[in-house]
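Here's the structure we're looking at; comments come further down.
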Amino acid sequence: MASSLTCTGVIWAFLSFLCATTSCVGFFMPYWLWGSQLGKPVSFGTFRRCSYPVHDESRQMMVMVEECGRYASFQGIPSAEWRICTIVTGLGCGLLLLVALTALMGCCVSELISRTVGRVAGGIQFLGGLLIGAGCALYPLGWDSEEVLQTCGYISGQFDLGKCEIGWAYYCTGAGAAAAMLLCTWLACFSGKKQKHYPY
């Protein structure tokens, strides 16, 4: 099977896939922020949440439903900053995934990735990583929303965790983006084989 990638390009393809997968998994998981409410653990992502309070009519009190899910609507996301974060991070993950899948196809298809295409792909990866990084930077701006305040002991604020902790998914998303920006972008410049020039 012919490949359009150099040896460096094959490393770039697999590393790109690993970075994209890491960022996408981190983005999808609702474990960006950990706290507790009514004695139960609560976690948030950008568009998902685990454990939420509901009013129990029979006992006339608030109880925690311990299950994960996404918000019922886009407007249901607790803050405007988290809505922007969801869009920006989602776009970044989409770009990283697009480049990663194209790079993996380059392992099997000849003349798919030239040096120029590799450099353009590296630029797209840099942009994707930048978007995810912007999303990660925006996320703490939503820590002053009512839902987060309830979970973090009513002492959280923008860039102030209160009684909450940053979860593994936040680090996972950021690490995938950083590796894509710093390492994959550089490797992409050396990924494609020189195009053959035919005399006709």
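When the chain is described by a simple charge dipole with +1 on each Lys and Arg Cβ and -1 on each Asp and Glu Cβ, the residue from Ser51, Gly142, Phe28 located farthest towards its positive end is Phe28. Annotation: per residue accessible area for the chain equals 52 Å², rounded to a whole number [probe 1.4 Å, protein chains only].
When only alpha carbons are used to place a centre, the stretch 1-37 and the stretch 122-174 end up 19 Å from one another.
Computed from Cα positions, the angle between helix 80-106 and the longest principal axis of the chain comes to roughly 30 degrees.
Normalised Debye scattering of the stretch 68-168 at q = 0.15, 0.16, 0.23 Å⁻¹ gives log10 I(q)/I(0) of -0.71, -0.76, -1.15, counting only Cα atoms as equal scatterers and leaving out solvent.
Might you report the magnitude of the Cβ-based charge dipole of the stretch 44-109 about its Cα centre, with Lys and Arg at +1 and Asp and Glu at -1, to the nearest 20 debye? Present the calculation step by step, with values, prior to reporting the outcome.
Numbers: 5 positive and 5 negative charges, 39 e Å.
It works out to roughly 180 debye.
Looking at the chain, identify the longest residue range that excludes and avoids all trypsin sites (Lys or Arg not before Pro) in DSSP loops having at most 16 other Cβ atoms within 10 Å.
On the way: sites that count: Arg59, Lys163, Lys194, Lys196.
Result for the longest clean stretch: 60-162.
Taking the Cα centre of the stretch 1-152 as origin, sum charge times position over the Cβ atoms of Lys and Arg (+1) and Asp and Glu (-1), and report the length of that vector in debye to the nearest 20. Show your work: numbers first, answer last.
Numbers: 8 positive and 9 negative charges, 92 e Å.
The dipole of the stretch 1-152 has a size of about 440 debye.
The angle between the Cα long axis of helix 7-28 and the longest principal axis of the Cα atoms of the chain comes to about 20 degrees, rounded to the nearest 10.
Angle, helix 115-138 long axis vs. longest principal axis of the chain, Cα atoms, 0 to 90°, nearest 10? It works out to around 10 degrees. In order along the stretch 179-187, the Karplus-derived 3J(HN,Hα) couplings, from 6.51 cos²θ - 1.76 cosθ + 1.60 at θ = phi - 60°, round to 5, 5, 5, 8, 9, 5, 4, 5, 5 Hz, and Gly and Pro are given as x. The stretch 1-110 gives an Rg/Rh value of 1.21, both radii derived from C-alpha positions and Rh following Kirkwood.
How large, in percent, is the carbon and sulfur part of the accessible surface of the chain at a probe radius of 1.4 Å? Please report the intermediate quantities before stating the final value.
Values: 6970 of 10340 Å².
Heavy-atom surface of the chain belonging to carbon and sulfur, 1.4 Å probe: 67 percent.
The values are calculated or read from the model by the stated rules, or taken from the named source; none is laboratory data. Source: prediction; values computed, not measured. Positions of Cβ are generated from backbone atoms using ideal geometry, with glycine treated the same way; all protein chains shown enter the neighbour counts. Surface accessibility is based on the protein's heavy atoms, side chains included, excluding ligands, DNA and RNA. Shrake-Rupley method; radii C 1.70, N 1.55, O 1.52, S 1.80 Å.
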